[in-house]
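Heads up, the thing below is written out as structure tokens.
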Amino acid sequence: MESFEIYKLKAAGLTNEQVLRILAICQEGEPLPPLEEMAKIARCRSIIRFVEQYRQLDEEHLRTEFGRFPSLSIFDSDYPESLMQIYNPPVLLFYQGNLNLLAEPKIAVVGARETSREGVKSVEKIIQELQNQLVVVSGLAKGIDATAHYACIRNGGKTIGVIGTGLDIFYPKSNQRLQTHMSEHHLVLSEYGPGQSPLKFHFPERNRIIAGLCQAVIVAEARLRSGSLITCERAMEEGRDVFAIPGNILDGKSAGCHHLIQEGAKLVTSGQDILDELKYEL
């Protein structure tokens, strides 16, 4: 199935999981089954609604929209093997920047949007001590995400941002300059098409890609009930290493990190701790 056909299915209202069900039946290069059959395979709640939405698509407009950014489908040879292994791998990714970074060893950094000075300094210290041995992957959000991207760039390393909007949307606005720089000199990825706004459910979906791309995840200043904690728990379930930076035990900002350590995550206080675990030599 061509990438544009995948895009059309999503534009007609199918979720990523529903498209995956169709792709499991209809491999690349094979003709699409009839719409009613696709709706049954995807387990649509309303077959009639899907068929109507698909038939009402403005194909010319969709092709123009689809062509605004290069894309990578689950059928492409450049599609990361590590993403194939996760639950609900993204069927289509839009990108800007250097796609070759997907072939490099990568580590994710996740954490709070509202950070302390100590949390920022801890992340900066650890990324500097990694000495550019790994591509740093994060979500281009404010707080720990932005700290990780900036620290990596300042140290002369490479970084990947995975966002929860279309590539033409800047969220938060404060990171517009950072996102633009990364799209030109590093790599920015999204499973959402041009113009798609930052909806609440996009960010947990985005987090599975961040963790899935990487062999390990660093977490800093995650509270007990946070998206970062969920990302790390999923990463641990899928066999990724999780490295937790300990923090203040009084303010609750690192309570999620401490919980992860109790559950088997590795406590780290330096970049060398991580390199030793991953068997990298400086």
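The values are calculated or read from the model by the stated rules, or taken from the named source; none is laboratory data. Please read all numbers here as calculations on a predicted model, not as lab measurements. In this analysis, Cβ positions are derived from the backbone assuming ideal geometry, glycine residues included, and neighbour counts consider all displayed protein chains.
General observations
- Residue count for the range 29-87, restricted to those that are closer than 17 Å to E17 by Cβ, at pLDDT below 95 and among the polar types (S, T, N, Q): 1.
- When G166, G157, G97 are screened for being in contact with a His (Cβ under 6 Å, 6 or more places away or on another chain), modelled with pLDDT of 95 or more and either surrounded by fewer than 23 Cβ atoms within 10 Å (Cβ to Cβ) or not assigned by TED's automatic domain parsing to the domain that holds H181 (or both), only G97 passes.
- Residues of the range 32-44 classified as part of a loop (DSSP other than H, G, I, E, B), of a type outside the set (A, V, I, L, M) and out of contact with any Leu (no Cβ under 8 Å at 6 or more places or on another chain), total: 3
- Yes/no for A265 being of a type outside the set (K, R), under 24 Å from the mean Cα position of the chain (by Cα), farther than 13 Å from V110 by Cβ and surrounded by 17 or more Cβ atoms within 10 Å (Cβ to Cβ): no
- The range 14-59, residues that are surrounded by fewer than 17 Cβ atoms within 10 Å (Cβ to Cβ), within 21 Å of P194 (Cβ to Cβ) and either among the aliphatic types (A, V, I, L, M) or over 21 Å from the mean Cα position of the chain (by Cα) (or both): Q53, Q56, L57, D58, E59
- Those helices (runs of 4 or more DSSP H) lying entirely in the range 45-90 with at least 2 residues under 13 Å from F4 (Cβ atoms): 59-66
- Qualifying residue in the range 225-243 (condition: hydrophobic (A, V, I, L, M, F, W, C), out of contact with any Cys (no Cβ under 8 Å at 6 or more places or on another chain), more than 23 Å from P105 (Cβ to Cβ) and assigned by TED's automatic domain parsing to the domain that holds G161): yes
- Selection within the range 219-258: residues that are of a type in the set (D, E, K, R), assigned to a loop (DSSP other than H, G, I, E, B) and touching an Asp or Glu at 6+ places or on another chain (Cβ under 9 Å). The member of this set that is surrounded by the most Cβ atoms within 10 Å (Cβ to Cβ) is E221.
- Residue within the range 102-118 that is among the polar types (S, T, N, Q), touching an Asp or Glu at 6+ places or on another chain (Cβ under 9 Å) and in contact (Cβ under 8 Å) with a residue 60 or more places away in the chain present: yes
- Residue that is surrounded by the fewest Cβ atoms within 10 Å (Cβ to Cβ) [pool: residues in the range 116-147 that are more than 15 Å from K106 (Cβ to Cβ) and of a type in the set (G, A, S)]: S116
- Filter result (over 18 Å from A211 (Cβ atoms) and in contact with a Gly (Cβ under 9 Å, 6 or more places away or on another chain)) within the range 86-96: L92, F94
- Tally of residues being at pLDDT below 95 and either buried (at least 24 other Cβ atoms within 10 Å of the Cβ) or part of a helix (DSSP H, G or I) (or both) across the range 182-208: 7
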